Amino acid sequence: MHESAFHQLEEVIQDSLFPEIDLALRAGRHVDRDDGERYAFVLDAQSLLESFYRRYGCELIHASDGFFYLLPVGDQMGRRHLTAGEMLVGQTLALLYLEPTTVQAGGVTQQSVVVARLASLVGERELIQALNPRRRKYDERVAQETVRTEIAKALRGLESLGFINLEEGEQLRLRLGLLRFAEAVRGLSEPADALSRLIAEGKAVAQTPGDEDEEPEETGT
Amino acid sequence: MASTEHDESLHVIASIHRDGICLDLKPVDLCFLVALHTRATQRSLTCFEEEVLLDVFEQVCDAVDPDGENLRKRATHAIGRLREQRLLSRVDGAGIIRAGDYSMSRLASGIVEFFMADQVLTRESLSLLTKALLASLFQVKTEARKAETPDEWRLHVVGPLRVTVGDLVAGIERRQRGLDSQQEQVQKQIGELLDADWFAAVEQCQQLLDETTTTLSELNSVLLHDTHQILTVLSDIEQIAAQAGKADAEEATQRVAEQVDRVAAWGRTRQLAWSTYYQYVHRFLRDVVRLDPSRALSERLRNQLADWTKQPYFWVVAQASKIRVLRENTVREQRPPVVRPPRDREMPLEYVPADMEATALEDAVRSALAAGKTTLSEVLEVVLADVDSAKRFAVVGRIAALLVAESSPRSERERPWVRVPGEIEIEEWALPGGQMHA
């Protein structure tokens, strides 16, 4: 158990890193070990920040994989759920994160690899349906282009949440936070039970097919 | 100097393009070259007799393609290909008199060395090279102090700097590239080990990581220590050359210093890059491989992704609204209306003399009617007499219009054509009354 550098909340707030990290956490960013001193700051101030954010109806989650994020459990803090594109791409990236070929490349992969892997695992037709939910009929070329656009949009969204870094060209650096996408299949329990637990904890939301057309939910202030 | 080199390279590029020079080597050609190089090294040969070439080729074919036929013919073709591409040269000059002697060109040696190069930097080789470099530089420094004539500067300072010292630094750089390649191999090996054995490969991966880390760390400490000394001696030589006004010696010293800087920078960047990679793999081994020895997580995640569209769910993340900053309230200035500079838009009046012709014509028509003229032709006869011949045609129409207004002209069903003054013919009208209502 390491000794905390902070004894009072005032010290945490007075720290020069606090405003940046506070804004990042409130914007849904996942702060992991690759964030260096920012991660160390949150780790040091963890107990004080937990009680601080609880007053805003949020839980400061520290995943065992080594990343922090803020989970709104009340209505005081705004929240949203990830889009279908972000979920699909996020799970694919998590899968790639666990692969030896990615380790060989030092955690870097290509956008085209992500698209190919996603299409092979989900199926091209299902992928088009999932990312073009409003369209009953579609032109194949246009639908494929829309899928590529949605994937690019999802990657930008995932970057803003701290799951990846977009690098030169079409390279992506995968980050530790991606392991959140594997949370439902961790442990020995049935994935459906694990998912129900996550939904009950407010970490995830399930949607009926009729909800798919809607924009991501946004609540709070 | 740099611009001269650039010009030379452009010249070479142009000549290669113009002559259509290219390299097209089959695997057997490369094997042949490697075998020749080995034979030359082992037996200290400077050239090969033709029979030796054929013999070596046959040995290569025995090793790589034991079922191959027509070995002599294939050897002839291979030797021909290598000669065409300037990899083998005939050096005896005997021509047709007897079978020739051949030697490998510098290009061929370079290619073979590339494939055979296992010259990788080690602490020992680097120390040896840097010490040799320092010794050469001290020697050059001593010679520079003693040198007086241009020949002495050229032979004992500029020459050694360009050749001996340059070659030693190039030797370090070549070995650095060897180490780069080895690192790449280590990364590939780690990927392959994990792919094949996953959990069982952890120890081996860790060992590979540690070995490379130790090598890099040692090399970097040698580089840090020795490059500092080398640069100090180079700086002294440059100073002596500057005092003696020897620009070429100064320039040669700077070139070596640039090379040494590059060597030092290599050490820093490679250690940094390897450190990042080391941390990443180490964490991966600890957090992923050790915690999931059977790769069950990947399998379950793959299944989850494949079924996600059937049972979708979405992670919740915080999204606090940004603080809205109101714009500063400023009094909007009343903008003046757009105006044009005032100017007098009234155009000055122009005097136009009154047109009296119409009045005169009217009077003339009335006079003719008053005089009892009863047909159009009679009226025209009288009136046209005073009208200019060029205007008569137009005037006839105006007279006809006046007559219609002043009286009620009638015409026969078959109106006769009558000639009037001015070479004009008209259809005749009868004018009843023949009196104008003046």
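Across region B:313-326, the number of residues qualifying as at the interface with another protein chain (Cβ under 7 Å from one of its Cβ atoms) and at pLDDT below 90 comes to 2. When region B:231-275 is filtered for residues that are touching a residue at least 60 places away in the same chain (Cβ under 8 Å) and more than 39 Å from the chain's Cα centre (by Cα), the ones remaining, listed by number, are B:233, B:236, B:237, B:240, B:241, B:244, B:246. Quick one: is residue B:279 among the polar types (S, T, N, Q), at pLDDT below 90, within 30 Å of residue A:197 (Cα to Cα) and out of contact with any Cys (no Cβ under 6 Å at 6 or more places or on another chain)? When the stated conditions are applied, residue B:279 does not pass them. The residues in region B:274-303 that are of a type outside the set (D, E, K, R), farther than 19 Å from residue A:90 by Cβ and facing another protein chain (nearest Cβ under 8 Å) can be counted, and the count is 4.
For region B:36-82, the tally of residues that are within 45 Å of the chain's Cα centre (by Cα) and among the aromatic types (Phe, Trp, Tyr) stands at 1. In region A:104-119, is there at least one residue being facing another protein chain (nearest Cβ under 7 Å) and either over 29 Å from residue B:274 (Cβ atoms) or surrounded by fewer than 23 Cβ atoms within 10 Å (Cβ to Cβ) (or both)? Yes, that holds for at least one residue.
Out of curiosity, is residue B:69 of a type in the set (Asp, Glu) and part of a helix (DSSP H, G or I)? Judged against the criteria, residue B:69 is not a match. The condition (being at the interface with another protein chain (Cβ under 8 Å from one of its Cβ atoms) and in a helix (DSSP H, G or I)) is satisfied by just one residue among A:88, A:71, A:93: A:88. Does residue A:57 count as modelled with pLDDT under 95 and surrounded by fewer than 17 Cβ atoms within 10 Å (Cβ to Cβ)? Taking the combined requirement at face value, the residue satisfies it. Name the pairs: first residue in region B:167-178 and within 11 Å of residue B:259 (Cα to Cα), second residue at pLDDT 80 or above and among the basic types (Lys, Arg), Cβ to Cβ under 9 Å, at least 6 apart or on different chains? The qualifying pairs are B:169/B:262; B:173/B:262.
Considering only residues that are within 18 Å of residue B:114 (Cα to Cα) and not charged (D, E, K, R), which ones fall in region B:170-224? Answer for region B:170-224, where residues must be within 18 Å of residue B:114 (Cα to Cα) and not charged (D, E, K, R): B:170, B:171, B:172, B:176, B:178, B:179, B:181, B:182, B:183, B:185. Entry remark, region A:55-68: residues being in a strand (DSSP E or B) and among the basic types (Lys, Arg) number 0 in total. Answer yes or no: is there a residue in region A:148-156 that is under 24 Å from residue A:58 (Cβ atoms) and at pLDDT 80 or above. Looking through region A:148-156, none of the residues is under 24 Å from residue A:58 (Cβ atoms) and at pLDDT 80 or above.
Remark: residue B:136 falls outside the filter, which requires a residue to be touching a strand residue (DSSP E or B) at 6+ places or on another chain (Cβ under 6 Å) and not basic (Lys, Arg).
Here residue A:161 fulfils each of the conditions (1) out of contact with any helix residue (DSSP H, G or I) (no Cβ under 7 Å at 6 or more places or on another chain); (2) facing chain B (nearest Cβ under 10 Å); (3) more than 20 Å from residue A:96 (Cα to Cα); (4) at pLDDT 90 or above apart from (3). Going through (1) under 29 Å from residue B:285 (Cβ atoms); (2) within 14 Å of chain B (Cβ to nearest Cβ); (3) within 20 Å of the chain's Cα centre (by Cα) one by one, residue A:83 falls short only on (1). Based on this model, can you work out whether residue A:39 counts as among the aromatic types (Phe, Trp, Tyr), assigned to a helix (DSSP H, G or I) and either away from chain B (no Cβ under 13 Å) or under 20 Å from the mean Cα position of the chain (by Cα) (or both)? In short, yes. Restricting region B:157-196 to residues that are more than 14 Å from every other protein chain (Cβ to nearest Cβ) and of a type in the set (Val, Ile, Thr), the residue that is nearest to residue B:128 (Cα to Cα) is B:172.
Whether any residue in region B:153-161 is at negative phi, at pLDDT 80 or above and under 38 Å from the mean Cα position of the chain (by Cα) is what I want to check. Yes, there is a match, as at least one residue in region B:153-161 is at negative phi, at pLDDT 80 or above and under 38 Å from the mean Cα position of the chain (by Cα).
The values are calculated or read from the model by the stated rules, or taken from the named source; none is laboratory data. What you see is a predicted model; the values in this text were computed from it and never measured. All Cβ positions, glycine included, derive from the backbone under ideal geometry; neighbour counts span all protein chains shown.
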